[in-house]
Amino acid sequence: DLLGDKTLDLLIDEREKKRCQRYQRALCHTSTLEEKLKVIVQIRSEEGYMAEWKKDDDDYVLVENHCPICAAASACKGFCQAELRNFKALLGDKYKVDRTKHLLSGDAHCVYRISG
């Protein structure tokens, strides 16, 4: 309340920028989407998201079975928006990333469909 929404947006942007840089460093030796998803799932799980991925026909599905920042994300949707932007940036323009289930919308977990 003291600093306002703009300050919160700046904090979220800085948090996600650092997180994206960490992921980019880890992804620099990957070439396939499956390799990238393995790395992303490993890091997300280390961060407490209990992540997994699977192939679904021609698409891939990234599932986050837990959200360690759920309370913060409930108070500020910017966390979830930044997360989706990061996934899109990390996987590149070659792939379309959509959030198809969202914990904060009442779903059991967050699910991202990746198609190319």
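Among the numbered conditions (1) within 17 Å of I114 (Cβ to Cβ); (2) surrounded by fewer than 12 Cβ atoms within 10 Å (Cβ to Cβ), the only one that E14 does not meet is (1). E83 passes every criterion in (1) open to solvent by less than 50 Å² (accessible area, probe 1.4 Å); (2) touching a Leu at 6+ places or on another chain (Cβ under 6 Å); (3) not hydrophobic (A, V, I, L, M, F, W, C) apart from (2).
For the stretch 103-115, the count of residues that are out of contact with any Phe, Trp or Tyr (no Cβ under 8 Å at 6 or more places or on another chain) and of a type in the set (K, R) is zero. Given the criteria closer than 25 Å to E14 by Cα, in a loop (DSSP other than H, G, I, E, B) and touching a strand residue (DSSP E or B) at 6+ places or on another chain (Cβ under 6 Å), does Y112 qualify? So Y112 fails the test.
Taking each residue of the stretch 20-35 that is closer than 16 Å to I114 by Cβ and looking for partners that are open to solvent by 60 Å² or more (accessible area, probe 1.4 Å) and assigned to a loop (DSSP other than H, G, I, E, B) with beta-carbon atoms closer than 8 Å, six or more apart or interchain, yields L33/G116.
For the stretch 30-43, the candidate set comprises residues that are farther than 16 Å from C20 by Cα and part of a helix (DSSP H, G or I); within that set, the residue that is least open to solvent (accessible area, probe 1.4 Å) is L33.
Being in contact with a Ser or Thr (Cβ under 9 Å, 6 or more places away or on another chain), part of a helix (DSSP H, G or I) and either in contact (Cβ under 8 Å) with a residue 12 or more places away in the chain or at negative phi (or both): is that true of L90 here? If you could, list the steps in order and put the result at the bottom.
Working: in contact with a Ser or Thr (Cβ under 9 Å, 6 or more places away or on another chain): no; part of a helix (DSSP H, G or I): yes; either in contact (Cβ under 8 Å) with a residue 12 or more places away in the chain or at negative phi (or both): yes.
Answer is no for this residue.
Filtering the stretch 44-63 to residues that are open to solvent by less than 10 Å² (accessible area, probe 1.4 Å) and under 18 Å from E16 (Cα atoms) leaves R44, Y49.
The values are calculated or read from the model by the stated rules, or taken from the named source; none is laboratory data. These figures come from a predicted structure and were not determined experimentally. Because the Cβ atoms are built from the backbone with ideal geometry, glycine has one as well, and the counts that use them run over all protein chains shown. In case anyone asks, the SASA skips ligands and DNA or RNA and just uses the protein heavy atoms, side chains included. Shrake-Rupley method; radii C 1.70, N 1.55, O 1.52, S 1.80 Å.
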